[in-house]
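Only one structure is covered here, and it is reproduced in the block below.
The values are calculated or read from the model by the stated rules, or taken from the named source; none is laboratory data. Just so it is clear, the structure is predicted and the values come from calculations on it, not from any experiment. Cβ: placed from backbone, ideal geometry, glycine included. Neighbour counts: every protein chain shown.
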Amino acid sequence: MTKSWKKYILWFAQEHVEFRLAEINSLAKLFKLQLRILSSSNEELLRPFWTVELPDEESALKLASRSISLKCILEHWSDSNNFGDFHSSLKTYLKTNELSQQYFHKDLSFKITVETYNKHFSQKEKVQKIETFDYLPLKGDVNLKDPSVEWWYIEYYGLDPTKVPETPDAILFGRWIADGQRHLIKDLSLKKRKFIGNTSMDAQLSLLMANQALVQSGDIVLDPFVGTGSLLVSAAKFGGFVMGSDIDYMMVHAKCRPSRITQKTREADESIRANLKQYGCEKRYLDVLVSDFSNPIWRDSFKVNSIITDPPYGIREATEKICIKVSDKPDTRNEDSAHYPSTSHYSLQHLYLDLLTFSARHLVIGGRLVCWFPFHRDDYNDGMIPQHECLKLVSNSEQPLSGITSRRLLTYEKVEEYSEDAERSTKGEILEFRPRYFDSGLESRQERRTRRAQLREIGRLEAIKRGKVLDVKDGKYKKVIDE
Ligand SMILES: C[S@@+](CC[C@H](N)C(=O)[O-])C[C@H]1O[C@@H](n2cnc3c(N)ncnc32)[C@H](O)[C@@H]1O
């Protein structure tokens, strides 16, 4: 039982906003942390700053040690939506929280950084804001480069640059504790990866997927539509032993056409293993093999801790399965003839039902399936989401792909042992994505105009969420850079 709670400020990057609640809840589960999210309204969850309660600083450090959405975590010292209450609550904190005094030691250098979100302030105005903290019993030296203690003072002016309020919606003050793991987005960037293809998932999303899957050291992680193995990279980075399979021999063997415009032919040493080696994870590479998912090759006793995958949507890669064609003609082949198996269409409906059944069979109890699910926005309803009696859907977050198409990151947890008669279902029909995707080519001029306007609106809202403002000179949304 937790005796007391401490308040923290989670400061998120305004990117993939829909995914952060699922990530934080997953990490709380991974580290068995008790967590209370105090910023719980829909509007508050869209903000880059959340107030949460955790039992102690160790819990906060654990969250930061894995989170990709988090910029950093601050120990909460005060917050309010008006300056008067903000300062009196900070003074009360200083008086009632004896432990806070340890940070005002003469041997501890310090820094107070001012962040104003969605409103620009000059350096001079920022200094004036710092001066309002003259009641802080600061004793150490100022050190702007490498302070022993760093406080952040934040004024939050909403997300809409076209409606910036006079006074901030929230004023926050906290002590910096730790940064999140956003550096991994750059460290694992596809730009410098040895082997990539046009299906490789960007580092940020694949890291988020590994967190959703609760990958931890020693886990066995499988991607049954492994492609170029981009999802294995992030899982291995978090300690998973990774393996995969794919129907495409050329892809698995890195013999497919290069996707970098600067590259004409594949290098001899490109491979999924080489990618893992590049990031120091080669020891966690188990293997990848060529196999058709519709005809699973695995023994019943084969168990994995997580399945992380991006099944084919039929756009950049075919949704195919091997089939046997019986011909009336006499078979003229001999033992030495090459055999090219026939393929037939693998409908999304069957693919997702197979994926859920496979996961129900081969995941350990508590293990997770994390997969993408593409759809046309007009068709979507919650009933389309595939279900299986042994799997509980724990999160479902949307990522718009265009004005009309989207995909959802679905996370399931195995809650019951598999039995042959366990029910697998989709309440509605999963529609094929490919024809709906290309149908948009047949749209009328009016429809195209509407779609483009919708796209622009999505872009505008996304830019606002990321705290960008429209530059009238070139019509592009840009981040406001403080002086
Ligand atoms: C969206 S891509 C996955 C991309 C992958 N995450 C990567 O890092 O490149 C889907 C993959 O599914 C494979 N695929 C298509 N049909 C399949 C089947 N029946 N069995 C196994 N793999 C299949 C394709 O060859 C393709 O590589």
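Assessment of the range 287-298 against the conditions (surrounded by 12 or more Cβ atoms within 10 Å (Cβ to Cβ), of a type in the set (S, T, Y) and either within 25 Å of the chain's Cα centre (by Cα) or more than 13 Å from the ligand (Cβ to nearest atom) (or both)) yields no matching residue. Only residues that are in a loop (DSSP other than H, G, I, E, B) and either among the polar types (S, T, N, Q) or more than 20 Å from the chain's Cα centre (by Cα) (or both) were counted across the range 51-72, and they come to 4. Residues that are of a type in the set (V, I, T) and more than 6 Å from the ligand (Cβ to nearest atom) within the range 228-251 comprise V233, V242, listed in sequence order. The number of residues in the range 310-323 being more than 7 Å from the ligand (Cβ to nearest atom) and touching a helix residue (DSSP H, G or I) at 6+ places or on another chain (Cβ under 8 Å) comes to 2. Filter the range 141-170 down to residues that are more than 30 Å from K465 (Cβ to Cβ) and in contact with a helix residue (DSSP H, G or I) (Cβ under 9 Å, 6 or more places away or on another chain) and give me whichever is surrounded by the fewest Cβ atoms within 10 Å (Cβ to Cβ). Only one residue tops the list, namely S148.
Scanning the range 1-32 for residues that are of a type in the set (A, V, I, L, M), surrounded by fewer than 18 Cβ atoms within 10 Å (Cβ to Cβ) and more than 16 Å from the chain's Cα centre (by Cα) turns up just one, M1.
Being surrounded by 13 or more Cβ atoms within 10 Å (Cβ to Cβ), more than 22 Å from E155 (Cβ to Cβ) and touching an Asp or Glu at 6+ places or on another chain (Cβ under 9 Å) holds for only one residue in E53, E75, E57, and it is E57.
Please list, ordered by residue number, the helices (runs of 4 or more DSSP H) wholly in the range 229-345 having 2 or more residues that are more than 18 Å from G197 (Cα to Cα).
So the answer is 230-237.
Does L355 satisfy the criteria of being within 16 Å of the ligand (Cβ to nearest atom), surrounded by 22 or more Cβ atoms within 10 Å (Cβ to Cβ) and assigned by TED's automatic domain parsing to the domain that holds S206?
Considered against the rule, which asks whether it is within 16 Å of the ligand (Cβ to nearest atom), surrounded by 22 or more Cβ atoms within 10 Å (Cβ to Cβ) and assigned by TED's automatic domain parsing to the domain that holds S206, L355 comes out as yes.
Checking the range 222-239 against the condition returns a match, with at least one residue being at positive phi and touching a Phe, Trp or Tyr at 6+ places or on another chain (Cβ under 9 Å). Of the strands (runs of 3 or more DSSP E) lying entirely inside the range 102-194, not one contains at least 2 residues that are at pLDDT below 95 and assigned by TED's automatic domain parsing to the domain that holds G467. How many residues does the range 181-194 contain that are under 20 Å from the mean Cα position of the chain (by Cα), farther than 17 Å from E15 by Cα and surrounded by 17 or more Cβ atoms within 10 Å (Cβ to Cβ)? Number satisfying all stated conditions: 3. Restricting A203, A213, A254, A178 to residues that are within 13 Å of the ligand (Cβ to nearest atom), surrounded by 17 or more Cβ atoms within 10 Å (Cβ to Cβ) and within 30 Å of S39 (Cα to Cα) narrows the list to A203. In the range 179-194, the residues that are within 24 Å of S271 (Cα to Cα) and of a type in the set (V, I, T) reach residues that are buried (at least 17 other Cβ atoms within 10 Å of the Cβ) and at pLDDT 95 or above with C-beta atoms within less than 6 angstrom, at least six apart or across chains, in these pairs: I185/A203; I185/Q204.
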